[in-house]
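Trainee: Following this message is one structure expressed as structure tokens.
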Amino acid sequence: MNHSNAKNPFEPQCLATTIGSLPHIDVPYGTELIFKNTPEIPGWVQFPKRGLHENMMVQFTEGMPGLEGNNQTVFFNTQSDDFVSQITDFYTYYLDVIENNDINALNKFKLSAEYAAGFSEFIDHLSSQPRTDMVLKGQVTGPFTLGMNLMDQNNKCSYFDDQLHDIVVKASALKAIWQIENLSDFNRQIIILLDEPSLINFGTQVCITVTREEIIRDINEVSEAIHSRGAMAGVHCEANTDWSILMETDLDILVFDAYDHMQSITLYPEYLKNFLKKGGSLGWGIVPTLDREAAAKETLDSLLNRFENSLDQLSNTGFDRNLLLRRALLTPSCGAGGVLTEQLAEHVLSLLKQLSETLRNRYGFDFI
């Protein structure tokens, strides 16, 4: 299966998927919710309330060299006695995966049930799903966000250490490949979304030395690993991220906060035109998850109006409305596992399902 491109673009036609997390701790129940509310593009669930290992900054660190930790955090200890030998092993396994497709080496970077209970539960559920037209979604914390949040023993960002920076990028790629390998048994199209909330800091004092080129290079390295396995690569970012950077990458899908920050995607019309021309799709994070009151008060009608008004906003500046609709994926504005209660998260999922169904009926979209 080919990833999205200009000749064969991914056109989800207002189907829905999720960002990743739920506030639940009941793994089978949380997973069942996903299959019920986003049956066409289900994604495995992250359960951050289950403990530290499911925190997005820790969840994808298994198999990284030189990591130490306690109950609160994990960090790189570059001064440990076996740091050099751990790094040597890491690159050996990495090359075995990339060059020889060595599954034993790839399994060094698995998502174990301790770190991602939702992944194995998702696999179990998939075995009993008769639908053959579904698209499967996985996710990994992106290299920029992981690099900015994983520290060394001196509390310095690993992103600013050349060696650790490279390890983080390659580890993100390996985690994505492992998921694709395990999902590909089901012979369905696969999307891997990179979670990059820290990109909102680009251009601020914290990231003063970080260049656009560096971000594009890292994202493309992970995207290339995803594409090489026949899957599609997307990114989810928050608020007023500089989307022009991401529109220059090889990503297939950009998921933005269309609820609170619609204007952020409209600031770069030329970049957006090029992104769509290359075959790119937009994920509209239209159902709010970052504010309990907003999540509680929104209705199907209010979200329909918001979506239609946002579409008008883009089509009034020269974008083809029909193309935008065909290339639209609907999502919550962010993961639901942060501030929402279980009841509110379920309300969000229900709204997402209704919104998708209503728009697909309104515009005459069939199943993909």
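The values are calculated or read from the model by the stated rules, or taken from the named source; none is laboratory data. Note that this is a predicted model, so its numbers are computed, not measured. Cβ sites come from the backbone with ideal geometry, for glycine too, and all protein chains shown count toward neighbours.
Trainee: Within segment 37-83, which residues are outside any loop (DSSP other than H, G, I, E, B) and in contact with a Gly (Cβ under 6 Å, 6 or more places away or on another chain)?
Mentor: Result: Gln46, Pro48, Phe76, Phe83.
Trainee: So Asp133 fits all but one of (1) loosely packed, with under 14 Cβ neighbours inside 10 Å; (2) among the charged types (D, E, K, R); (3) more than 19 Å from Gly230 (Cα to Cα); what number is the exception?
Mentor: Only one criterion is unmet by Asp133, namely (3).
Trainee: Just to be sure, is Asn201 modelled with pLDDT of 95 or more and either surrounded by fewer than 21 Cβ atoms within 10 Å (Cβ to Cβ) or of a type in the set (Asp, Glu) (or both)?
Mentor: So Asn201 fails the test.
Trainee: Just wondering, is there one or more residues in segment 179-188 that are within 19 Å of Cys237 (Cα to Cα), surrounded by fewer than 20 Cβ atoms within 10 Å (Cβ to Cβ) and free of Cβ contacts under 8 Å to residues at least 40 places away in the same chain?
Mentor: No, segment 179-188 contains no residue that is within 19 Å of Cys237 (Cα to Cα), surrounded by fewer than 20 Cβ atoms within 10 Å (Cβ to Cβ) and free of Cβ contacts under 8 Å to residues at least 40 places away in the same chain.
Trainee: Among Ile191, Ile167, which is among the aliphatic types (A, V, I, L, M), crowded, with 18+ Cβ neighbours inside 10 Å and either out of contact with any helix residue (DSSP H, G or I) (no Cβ under 8 Å at 6 or more places or on another chain) or over 27 Å from Ala113 (Cβ atoms) (or both)?
Mentor: Result: Ile191 is the single residue among Ile191, Ile167 that is among the aliphatic types (A, V, I, L, M), crowded, with 18+ Cβ neighbours inside 10 Å and either out of contact with any helix residue (DSSP H, G or I) (no Cβ under 8 Å at 6 or more places or on another chain) or over 27 Å from Ala113 (Cβ atoms) (or both).
Trainee: Listed residues Asp218, Asp195; which is in contact with a Pro (Cβ under 7 Å, 6 or more places away or on another chain) and either touching a residue at least 60 places away in the same chain (Cβ under 8 Å) or over 15 Å from Val169 (Cα atoms) (or both)? Spell out how you get there, then give the answer.
Mentor: Numbers: Asp195 fails: in contact with a Pro (Cβ under 7 Å, 6 or more places away or on another chain).
Criteria check complete, one pass: Asp218.
Trainee: Is there any pair linking a residue in segment 231-259 that is farther than 17 Å from Leu314 by Cβ to one that is β-branched (Val, Ile, Thr) and assigned to a loop (DSSP other than H, G, I, E, B), with Cβ under 7 Å and at least six apart or on different chains, and which?
Mentor: Within 7 Å, the pairs are His236/Ile19.
Trainee: Next question, about the same structure. Could you tell me whether any residue of segment 320-327 is surrounded by 22 or more Cβ atoms within 10 Å (Cβ to Cβ) and among the hydrophobic types (A, V, I, L, M, F, W, C)?
Mentor: Looking for residues that are surrounded by 22 or more Cβ atoms within 10 Å (Cβ to Cβ) and among the hydrophobic types (A, V, I, L, M, F, W, C), one finds none in segment 320-327, hence no.
Trainee: Follow-up question, since we're still on this one. Given (1) more than 30 Å from Leu246 (Cα to Cα); (2) assigned to a strand (DSSP E or B); (3) hydrophobic (A, V, I, L, M, F, W, C), identify the lone condition not met by Ala105.
Mentor: Of the numbered conditions (1) more than 30 Å from Leu246 (Cα to Cα); (2) assigned to a strand (DSSP E or B); (3) hydrophobic (A, V, I, L, M, F, W, C), the odd one out for Ala105 is (2).
Trainee: Out of Ile34, Ile87, which single residue is modelled with pLDDT of 95 or more, crowded, with 22+ Cβ neighbours inside 10 Å, out of contact with any strand residue (DSSP E or B) (no Cβ under 6 Å at 6 or more places or on another chain) and outside any strand (DSSP E or B)?
Mentor: The conditions single out Ile34.
Trainee: Take Ala173 and tell me if it is closer than 23 Å to Thr88 by Cα, touching an Asp or Glu at 6+ places or on another chain (Cβ under 9 Å), among the small types (Gly, Ala, Ser) and in a helix (DSSP H, G or I). Explain how you work it out, then say what you get.
Mentor: Numbers: closer than 23 Å to Thr88 by Cα: yes; touching an Asp or Glu at 6+ places or on another chain (Cβ under 9 Å): yes; among the small types (Gly, Ala, Ser): yes; in a helix (DSSP H, G or I): yes.
Yes: the conditions hold for Ala173.
Trainee: Still on this structure: Scan (1) over 25 Å from the mean Cα position of the chain (by Cα); (2) within 20 Å of Pro143 (Cβ to Cβ) for the single condition Leu95 breaks and write down its number.
Mentor: Evaluating Leu95 over (1) over 25 Å from the mean Cα position of the chain (by Cα); (2) within 20 Å of Pro143 (Cβ to Cβ) leaves (1) as the failure.
Trainee: A follow-up question, please. Could you check segment 136-165 and list, in sequence order, the residues that are in a strand (DSSP E or B) and among the hydroxyl-bearing types (Ser, Thr, Tyr)? Write out each step before concluding.
Mentor: Narrowing segment 136-165 to residues in a strand (DSSP E or B): 136-141, 151-152, 157.
Scanning segment 136-165 gives a single hit, Thr141.
Trainee: Of the conditions (1) within 15 Å of the chain's Cα centre (by Cα); (2) surrounded by fewer than 20 Cβ atoms within 10 Å (Cβ to Cβ); (3) not aliphatic (A, V, I, L, M), Arg212 fails just one. Which one is it?
Mentor: (1)
Trainee: Further question: So which residues in segment 252-295 are under 15 Å from the mean Cα position of the chain (by Cα) and closer than 19 Å to Gly335 by Cβ?
Mentor: Listed by number, the residues that qualify are Ile253, Leu254, Val255, Phe256, Asp257, Leu282, Gly283, Trp284, Gly285.
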